[in-house]
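Undergrad: I am attaching a structure below and will ask some questions about it afterwards.
Rule-based calculations on the coordinates, nothing more; no lab input. Everything numeric here is computed off the predicted structure, so don't read it as measured data. As a convention, Cβ positions derive from the backbone with ideal geometry for all residues, glycine included, and neighbour counts pool all protein chains shown.
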Amino acid sequence: MGEKKNSIWIFGDYRNYFQNRVTLQLLSRANELAGKINASVCAVVLGNNVSEWVGEYIAHGAQKVYVIEHPQLENYSIETYSFLMEMLITTYKPELVLIGATMFGREFAPKLAKKLKTGLTADCIGLEINDDGLLVQIAPAFGGNLIAEIVTPECRPQMATVRPGTFQEIPHDYNASGEVIRIALPEYLPEEKVRLISSKRWQKKGQKIEAARVVVCGGRGMGSKKNYKNLFELAQLLGGEVGATRPVVYANWVDEEALVGQTGKHIRPKVLFSFGISGAIQHTAALSNAGFIIAINKNVNATMMKMADVAIVADTNQICSTLIKELKKRIRS
Amino acid sequence: MKNILKIVVCIKQVPLVSELPWDSQTGTLQRNLSEGMINPACKHALEAALRLKQKHGGHIVVLTMGPPMAKEVLYEAQAMGADSGILLTDKAMAGADTFITSYTLAKAIIKKCPDFDLVLCGCSTSDSETAHVGPQLAEELKVPGVANAHDLKLSGKTLRVKRLSDNFLETLEMDLPGLVTITTQEFLPRYVPMQGIQKAFDEANIISLNAYELGLDAEKIGTKGSPTRILNVYPPTAKKTNIILRGSPEKIVEELFYRFDDKIGGAIGKDLKTDE
């Protein structure tokens, strides 16, 4: 295999490994795009005791892995990590840099893009290469009612953060081989201006909405906080969880914890009930893995109704209370 | 003004409703869409600033960039308790991506509030949700930055920040000057009575600056200066042909359980087909 002209870099975000397979998903998509721009697919791993991840990324499609391993890199740090990433990128000049849209990624990427004086698209839901060989970054835009295709024509690298769950990872290949390039931690590191005092895993209470088999989501079409609260009884009868759209969270009908959307929870229930939700992309972006969708709305033209398997044109509260009544009758055991 | 705490709060005017473009009764576009409001997270950032001021004293400047009507959010911010406002408005600034927006905001801060202690921003906006501007502004200003904070504690010139990042609850510390972005989790914005808004209109302390006054090259800002380009915009596609149910709630629910028991009953492990 000859040396490739270009390279696509994936930032190895491993801190939340089991929840977030986004690094592996990006390696997979990068492999699909690489042929079009004659590029190799490379991962970058910063940290301490990271050999596990280096092997993992090779097994999932990285042809090269750049590694800086040092006890000083034990904890994720925006300042140090972006300094090192900038150094590596200006040295090796990758054409594309892709970063998972984890919370860390979404803080780290804009800082890095600014240092590199290049463009960045947030939370992409699609990536393509166009006829000009540019990365087309597909992302929700303009209040979420539209999708935009964005390019970075001149500045390099072309950078994007990508929403977890957008792409399918390649199965683990134990026979895959890749080149590991180890780089020493530079002697000079900028002073860490943000000091980590403590960090602990935050345990969520109750069943996680991300894992629920049934989710009942409510939007502003529920009309009031009181009406919205009825969804909890319905969800309980269905053994499910309650989700919400952004306006409902802003209106304080429910905690931010229930937010289903681009900046909230991504859900994959077998059955989703969607009450009084118009279907802005910020919300629907988190529903791509939902199974059977039942939407209830007075407006048959709402996006959410068009996305649904069953679209019920009716008053949301009447349907909610009738469902509760009927379920109580039908569920006996 | 030498030793008092100086806080700049960056706010953005966003459309009043982003999720309900349709009137559910008539199926038409809602007219009030043209109205604007302070982006919710920005309002929480302002509340955070007001609470710091209550405790430590200080001066709060609110800064926004947008069309002339964006001045409205500066009035509202002053009604909440901000001391002064700066509006950056110029046709040349329009269409800026986050890279250029953060550049333009930084220029204004350096020009008008060079001795700031703290810049607060909302963590993201309801109309674009990039969450880029805060971190990029910190980088432009060469100060430490922390995103997505829900708790701030100031002692002397040291700010202690709590935030949730990827399920890690972190406590971080930085020496000011610095920049923090605020989530909507805490800092519930105070209610502003009508008289307060009236008073803010009467006594507003707002300056307006254009590109020239900021010393910016019109060719290097707005759409022209932005590294990213929008190629194409389209509505999200509806994915399937669906079944539409109408009628009385009882009839609809009956039909739902009868026809789709394999889906619904299957998911909860119960037979819902009959009520016998």
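Undergrad: Specify the inter-centroid distance of segment B:125-167 and segment A:90-151, based on alpha-carbon positions, in whole Å.
TA: Centre-to-centre (Cα) distance: 21 Å.
Undergrad: In the calculated pair distance distribution of segment A:288-333, what percentage of Cα-Cα distances lie above 12 Å?
TA: 65 percent
Undergrad: Measure nothing but the geometry: give the 0 to 90° angle between the long axis through the Cα atoms of B:40-56 and the longest principal axis through the Cα atoms of chain B, rounded to 10°.
TA: Helix B:40-56 sits roughly 40 degrees off the main axis of chain B.
Undergrad: Now for a separate question. I need the calculated FRET efficiency for the pair A:SER199 and A:TYR92, taking r as the beta carbon distance and R₀ as 30 Å, to the nearest 0.05.
TA: After rounding to 0.05, the efficiency reads 0.45.
Undergrad: State which entries of A:LYS117/B:LYS53; B:LYS91/B:LYS111; A:LYS298/A:LYS328; A:LYS225/A:LYS325 exceed 29 angstrom in Cα-Cα distance in the structure shown.
TA: Too far apart for the 29 Å limit: A:LYS117/B:LYS53.
Undergrad: As a quick test, which of the pairs A:LYS270/B:LYS270; B:LYS43/B:LYS71; A:LYS5/B:LYS224; A:LYS111/B:LYS224 have an alpha carbon distance above 18 angstrom in this structure?
TA: Where the Cα-Cα span goes over 18 Å, the pairs concerned are A:LYS5/B:LYS224; A:LYS111/B:LYS224.
Undergrad: Antiparallel as a % of all DSSP beta bridges within the protein assembly as shown, to the nearest 5?
TA: Antiparallel bridges: around 35 percent, rounded to the nearest 5.
Undergrad: Right, something else. Within 13 Å, Cβ to Cβ, of B:LEU214, how many net charges do the neighbouring residues add up to if Lys/Arg are +1 and Asp/Glu are -1?
TA: Value of the local net charge: +1.
Undergrad: As I understand it, the value is the acute angle between the Cα axis of helix A:103-116 and the longest principal axis of the Cα atoms of chain A; what does it come to in degrees, rounded to 10?
TA: That helix lies at roughly 40 degrees to the long axis.
Undergrad: If the viscosity is 0.890 mPa s and the temperature 25 °C, what translational diffusion coefficient in µm²/s does Stokes-Einstein give for segment B:140-235 when Rh comes from Kirkwood over Cα pairs?
TA: 136 µm²/s
Undergrad: Semi-axes of the equivalent ellipsoid of chain B: what are they in whole Å, largest first, if each equals the square root of 5 times a C-alpha gyration tensor eigenvalue?
TA: Over the Cα atoms of chain B, the ellipsoid semi-axes are 42, 24, 20 Å.
Undergrad: What do you get for trypsin sites (Lys or Arg not before Pro) in segment A:5-88 restricted to DSSP loop and a cutoff of at most 12 other Cβ within 10 Å of the site's Cβ?
TA: A:LYS5
Undergrad: To continue, here is another question. Hey, what did segment A:48-198 get for relative contact order, percent, Cα under 8 Å, at least 6 apart?
TA: 35 percent
Undergrad: Let me ask you something else. Could you work out the local net charge near A:ASP123, counting Lys and Arg as +1, Asp and Glu as -1, over the other residues with Cβ closer than 13 Å to its Cβ?
TA: 0
Undergrad: Just to be sure I understand: of the beta bridges DSSP finds with both ends in segment B:6-225, what percent are antiparallel, rounded to 5?
TA: Counting DSSP beta bridges with both partners in segment B:6-225, the antiparallel share is about 40 percent.
Undergrad: How long is segment A:184-333 along each principal axis, judged by its Cα atoms, biggest number first, in Å?
TA: Here the Cα extents, ordered largest to smallest, are 69, 38, 28 Å.
Undergrad: Report, to the nearest 10°, how far helix A:78-92 tilts away from the longest principal axis of the Cα atoms in chain A, using its own Cα long axis and a range of 0 to 90°.
TA: The answer is roughly 50 degrees.
Undergrad: Would you please classify the overall shape of the protein assembly as shown from the alpha carbon gyration tensor, given that a ≥ b ≥ c denote the square roots of the eigenvalues, rounded means a/c under 1.5, and beyond that prolate means a/b larger than b/c while oblate covers the rest?
TA: oblate
Undergrad: When we measure straight from the Cα of B:LYS6, which aspartates and glutamates land under 20 angstrom away, once same-chain ones fewer than 8 places off are left out?
TA: B:GLU47, B:GLU76, B:ASP83, B:ASP115, B:ASP117, B:GLU139, B:GLU140, B:ASP151, B:GLU173, B:ASP175
Undergrad: Quick check on segment A:6-182: of the DSSP beta bridges with both residues there, what percent are antiparallel, nearest 5%?
TA: Rounded to the nearest five, the antiparallel share is 25 percent.
Undergrad: While we're here: Divide the volume of the convex hull of the Cα atoms of segment A:1-125 by its number of residues and quote the answer in cubic angstrom per residue.
TA: That works out to 109 Å³ per residue.
Undergrad: Could you tally the net charge around A:VAL162, taking each other residue with its Cβ under 14 Å from the Cβ of A:VAL162, Lys/Arg +1 and Asp/Glu -1?
TA: Around A:VAL162, the surrounding residues sum to -1.
Undergrad: Just to be sure I follow the definition: excluding the sites themselves, where is the longest run in chain A that has none of the GluC sites (Glu not before Pro) in a DSSP loop with at most 13 other Cβ atoms within 10 Å?
TA: Here the longest segment lacking exposed loop sites spans A:192-333.
Undergrad: Over the Cα atoms, compute the radius of gyration (one decimal) and Dmax (the largest Cα-Cα distance, rounded to a whole number) for chain A, in Å.
TA: Calculated on Cα positions, Rg and Dmax stand at 22.4, 71 Å.
Undergrad: Could you work out [θ]222 nm for chain A from helices alone, using -39500 (n - 2.57) per DSSP H run of at least four and dividing by all its residues? Round to the nearest 500 deg cm²/dmol.
TA: -8500 deg cm²/dmol
Undergrad: Next question, about the same structure. Taking other Cβ within 10 Å of each residue's Cβ, how do A:CYS42, A:CYS124, A:CYS217 sort, fewest first?
TA: Sorted ascending by nearby Cβ count, the order is A:CYS124, A:CYS42, A:CYS217.
Undergrad: By counting other Cβ atoms within 10 Å of each Cβ, how are A:TYR174, A:TYR92 ranked from fewest to most?
TA: In order of increasing Cβ crowding within 10 Å: A:TYR174, A:TYR92.
Undergrad: Same structure again: Tell me the Kirkwood hydrodynamic radius of segment A:103-197 in angstroms, computed as one over the mean inverse distance between distinct C-alpha pairs.
TA: 16.5 Å
Undergrad: OK, next. May I ask you to list the chymotrypsin sites (Phe, Trp or Tyr not before Pro) in segment B:152-243 that are in a DSSP loop and have at most 13 other Cβ atoms within 10 Å of their Cβ?
TA: Those that pass, being in a loop and sparsely packed, are B:TYR191, B:TYR212.
Undergrad: OK, next. Can you sort A:TRP202, A:TRP53, A:TRP9 by how many other beta carbons sit within 10 Å, fewest first?
TA: By the 10 Å Cβ count, ascending: A:TRP202, A:TRP53, A:TRP9.
Undergrad: At what distance in angstrom do the alpha carbon centres of segment B:181-234 and segment A:238-303 lie from each other?
TA: 30 Å
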